[in-house]
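Visitor: Mind having a look at this structure? Questions to follow.
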Amino acid sequence: MVTESISSVPSPAGDILKIGNQTFHSRLLMGTGKFASFSIMKRALEASHAEMVTVALRRVDISRHEKDILQFIDPKKYWLLPNTSGAKNATEALRIARLAKEAGIGNWVKLEVIPDPRYLLPDGAETLKAAEVLVKEGFTVLPYIQADPILAKQLEEVGCATVMPLGSWIGSARGLKTKDALEIIIEQAQVPVVVDAGLGVPSHAAAAMEIGADAVLVNTAIATAEDPVKMAEAFKLGVEAGRTAFLAGRVEEKMWGEASSPLKGIL
Amino acid sequence: MEPSLFDKAHHATIQRFGRTIQMYAPLYLSNECIDTCRYCGFSRPNKILRQTLTIDAVLNEAQFLINQGFRHLLLVSGEHPKKVSLDYLTEITKILRPKLALLSIEVAPFEEDAYRKLTECGVDGVVLYQETYNREIYKKVHLGGPKKDYDKRLEFVEAACRAKMRFVGLGILLGLAPWREEMPELIAHAKRLMKKYWQTQFTISLPRLKPCASDFAVPHPVTDEAFAEIIAQLRLALPEVGIILSTREKPALRDRLLKIGVTQMSAGSKTEPGGYLHPEEAGKQFELSDHRTPAEVAAAITKAGYEPVWKDWI
């Protein structure tokens, strides 16, 4: 399969993220909900240097032409990832994914199957069911899941392009509450792991990258910040710092102190 | 300094819903009604011109709203099981739903089986206000018709939940009973329902009583300031619930409340059946206070730093 890059934004030492048949330099994926206006969203996307952008198909109204959200996301600059937000079960998710494909928004899909409107937690069983069908229909599937290592392996086995476990509940800004489970998922994964949901500040994103996540997806923390454009830039830096640190190889945590300039064998 | 009640509510709303306001329009199907409710313009004894729209007339009204940009419609009627029947509603839904992103109904309550049929043909939501949680007052204002039965009305809400309606709208008529007694009851009701029907998305409307053909003196009027406090308290008590605000309220207050906790707004509404294409012919349910066009309301929302959302489902 041909691998093509959609951007030439510099990144640490030619470090490239490959998902499906696409390559990306940026490891920050952005969501497009909750912004005060499409023009602020557009500026935040630019500041984030994101190359992949997810859009809720429920918000897309192609009949509205110039007022529709898609008019503010340049397909030459961003790889569009429609999501199935609002789907409560596999049937609804399949319907939304197929609608996106029919509408010409592509055959990638961020699979969200969320039966619970309060904490917006994903339903693993329904997600797996929908993923299996969508992969067979030729979709590139990126499923949003609980930080469940077994489910992550199952989704990988049915052909998903990534797994997207949550750091904490969507929109909660609580950070990596699921860190221990994320580490297991990252250790075992043969597909990229994108930490999705719950990252509230750039240090959360950096922490996810430091433990070896391949990318993160951020929406609420940027869209609802006082200054979304500035926060988008801050997340870009956080992701880059975390990724670079991961590549640099961190020192081990120790129980004891150790001098920075050790005195050995002089006496 | 401790943030004010309004600041807290504002932040809770933004965290959950972002800087967005969902737009919808009511479409009145009929003002015929077999209930006698003292506060309502459609109350049975009222001498108003009664009308139930033909299906063609409903579709014409809907097209008018669609042309204005609406994709979320709320079908409204009095309680008249023969005129606004299950068949009438399913027929309208089958034709209308494919042109919309979301269709809800605020009509007479149905049993679970009927709600299930409505869900299957495309109805997304049911709005069913208890009006008041004070049984004494409920009895005093609901004088005749099926709506008299307080417990039955509570049970219908659960029938809609069991029928897997995506959205279920709760509400009270502010002004019927003292609001400091009503709000804890409403919140407790919503919380009980959320536990039991954990997949249902609940919304809350708090219409303030307005003058109507019934000439009913509001027993416990709610001031603008109290109304703002009510919205803020509700937001903090139920951070995940959509709060709906109609054009009963004046523009300046609506613009203020969207920064406190409101998440859904109607615009350019008419409350008489056929009112979009033939205004002022049939009797209306109540008087409106925000006469701005949908485009003007959307512009005010944008100016307040929010995105009006015209389409939010499939």
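Visitor: Is there any pair linking a residue in the stretch B:195-206 that is more than 10 Å from every other protein chain (Cβ to nearest Cβ) to one that is part of a loop (DSSP other than H, G, I, E, B) and open to solvent by less than 30 Å² (accessible area, probe 1.4 Å), with Cβ under 6 Å and at least six apart or on different chains, and which?
Guide: B:Ile204/B:Val241
Visitor: Something else now. Being closer than 14 Å to B:Ala226 by Cβ and not in a loop (DSSP other than H, G, I, E, B) is the filter here, so list the residues in the stretch B:174-189 that pass it.
Guide: Selection gives B:Leu174, B:Trp179, B:Arg180, B:Glu181, B:Glu182, B:Met183.
Visitor: Right, something else. Give the stretch B:15-30 a look and list any residue that's open to solvent by less than 10 Å² (accessible area, probe 1.4 Å) and facing another protein chain (nearest Cβ under 7 Å), or say none.
Guide: Residue satisfying the conditions is B:Gly18 alone.
Visitor: In the stretch B:31-53, how many residues are among the aliphatic types (A, V, I, L, M), open to solvent by 40 Å² or more (accessible area, probe 1.4 Å) and in contact with a strand residue (DSSP E or B) (Cβ under 9 Å, 6 or more places away or on another chain)?
Guide: Selection size over the stretch B:31-53: 1.
Results for (1) surrounded by fewer than 18 Cβ atoms within 10 Å (Cβ to Cβ); (2) within 14 Å of another protein chain (Cβ to nearest Cβ); (3) out of contact with any Gly (no Cβ under 9 Å at 6 or more places or on another chain), shown as yes or no for each residue.
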position	(1), (2), (3)
A:Ile185	no, no, yes
A:Gln190	yes, no, yes
A:Ala206	no, no, no
A:Ala234	no, no, yes
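Visitor: Output the residues belonging to the stretch A:63-88 that are more than 10 Å from every other protein chain (Cβ to nearest Cβ) and part of a helix (DSSP H, G or I).
Guide: Across the stretch A:63-88, the qualifying residues are A:His65, A:Glu66, A:Leu70, A:Gln71, A:Phe72.
Visitor: Follow-up question, since we're still on this one. What pairs come up if the first residue lies in the stretch B:216-231 and is touching a residue at least 60 places away in the same chain (Cβ under 8 Å), the second is open to solvent by 80 Å² or more (accessible area, probe 1.4 Å), and their beta carbons are under 6 Å apart, counting only those six or more places apart or on different chains?
Guide: Between residues of the stretch B:216-231 that are touching a residue at least 60 places away in the same chain (Cβ under 8 Å) and residues that are open to solvent by 80 Å² or more (accessible area, probe 1.4 Å), the close pairs are B:Phe216/B:Arg38.
Visitor: Within the stretch A:236-252, take every residue that is over 21 Å from A:Ile185 (Cβ atoms) and not hydroxyl-bearing (Ser, Thr, Tyr) and give me the one that is most open to solvent (accessible area, probe 1.4 Å).
Guide: Looking at residues that are over 21 Å from A:Ile185 (Cβ atoms) and not hydroxyl-bearing (Ser, Thr, Tyr), I get A:Glu252.
Visitor: Considering (1) without any contact (Cβ under 8 Å) to a residue 40 or more places away in the chain; (2) surrounded by fewer than 17 Cβ atoms within 10 Å (Cβ to Cβ); (3) closer than 19 Å to B:Phe42 by Cβ, say which one B:Tyr138 fails and leave the rest.
Guide: Here B:Tyr138 clears every test but (2).
Visitor: OK, next. What's the total number of residues in the stretch B:54-77 that are open to solvent by 10 Å² or more (accessible area, probe 1.4 Å), of a type outside the set (Asp, Glu), away from chain A (no Cβ under 14 Å) and more than 26 Å from A:Gly33 (Cβ to Cβ)?
Guide: Looking only at that region, the number is 7.
Visitor: Can you find even one residue in the stretch B:113-127 that is without any contact (Cβ under 8 Å) to a residue 12 or more places away in the chain and either within 14 Å of chain A (Cβ to nearest Cβ) or among the aromatic types (Phe, Trp, Tyr) (or both)?
Guide: yes
Residues checked against (1) touching a Phe, Trp or Tyr at 6+ places or on another chain (Cβ under 7 Å); (2) modelled with pLDDT under 95; (3) among the charged types (D, E, K, R):
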residue	(1), (2), (3)
B:Gly169	no, no, no
B:Arg180	no, no, yes
B:Glu185	yes, no, yes
B:Lys196	no, no, yes
B:Leu209	yes, yes, no
B:Pro221	no, yes, no
B:Ile231	no, no, no
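Visitor: Now a separate question. Suppose we filter the stretch A:92-114 for residues that are of a type in the set (Val, Ile, Thr), open to solvent by 10 Å² or more (accessible area, probe 1.4 Å) and under 15 Å from B:Trp313 (Cα atoms); how many remain?
Guide: Summing the residues that are of a type in the set (Val, Ile, Thr), open to solvent by 10 Å² or more (accessible area, probe 1.4 Å) and under 15 Å from B:Trp313 (Cα atoms) in the stretch A:92-114 gives 1.
Visitor: For the stretch A:152-171, give me each residue that is open to solvent by 30 Å² or more (accessible area, probe 1.4 Å) and in contact (Cβ under 8 Å) with a residue 40 or more places away in the chain.
Guide: A:Trp169, A:Ile170 - these are the residues of the stretch A:152-171 that are open to solvent by 30 Å² or more (accessible area, probe 1.4 Å) and in contact (Cβ under 8 Å) with a residue 40 or more places away in the chain.
Visitor: Report the residue count in the stretch A:99-120 for those that are more than 20 Å from the chain's Cα centre (by Cα), over 24 Å from A:Gly167 (Cβ atoms) and either touching a residue at least 24 places away in the same chain (Cβ under 8 Å) or more than 14 Å from chain B (Cβ to nearest Cβ) (or both).
Guide: Count: 4.
Visitor: Kindly indicate whether any position in the stretch A:34-51 is surrounded by 20 or more Cβ atoms within 10 Å (Cβ to Cβ), under 20 Å from A:Ala93 (Cα atoms) and touching a strand residue (DSSP E or B) at 6+ places or on another chain (Cβ under 8 Å).
Guide: No, because not a single residue in the stretch A:34-51 is surrounded by 20 or more Cβ atoms within 10 Å (Cβ to Cβ), under 20 Å from A:Ala93 (Cα atoms) and touching a strand residue (DSSP E or B) at 6+ places or on another chain (Cβ under 8 Å).
Visitor: Check A:Leu45 against each of (1) of a type in the set (A, V, I, L, M, F, W, C); (2) assigned to a helix (DSSP H, G or I); (3) within 12 Å of chain B (Cβ to nearest Cβ) and name the one condition it does not meet.
Guide: Looking at each condition in turn, A:Leu45 falls short on (3).
Visitor: For A:Asp15, which of the numbered conditions (1) in contact with a Lys or Arg (Cβ under 9 Å, 6 or more places away or on another chain); (2) within 23 Å of B:Thr20 (Cα to Cα); (3) in contact (Cβ under 8 Å) with a residue 40 or more places away in the chain fails to hold?
Guide: Tallying (1) in contact with a Lys or Arg (Cβ under 9 Å, 6 or more places away or on another chain); (2) within 23 Å of B:Thr20 (Cα to Cα); (3) in contact (Cβ under 8 Å) with a residue 40 or more places away in the chain, A:Asp15 fails exactly one: (2).
Visitor: Then there's this: Only residues that are in a loop (DSSP other than H, G, I, E, B) and among the small types (Gly, Ala, Ser): list them for the stretch B:1-38, please.
Guide: The answer is B:Ser4, B:Gly18.
The values are calculated or read from the model by the stated rules, or taken from the named source; none is laboratory data. These numbers come from a predicted model, not from an experiment. Cβ: placed from backbone, ideal geometry, glycine included. Neighbour counts: every protein chain shown. Side chains are part of the model used for accessible areas, which takes the heavy atoms of the whole protein and leaves out ligands, DNA and RNA. Shrake-Rupley method; radii C 1.70, N 1.55, O 1.52, S 1.80 Å.
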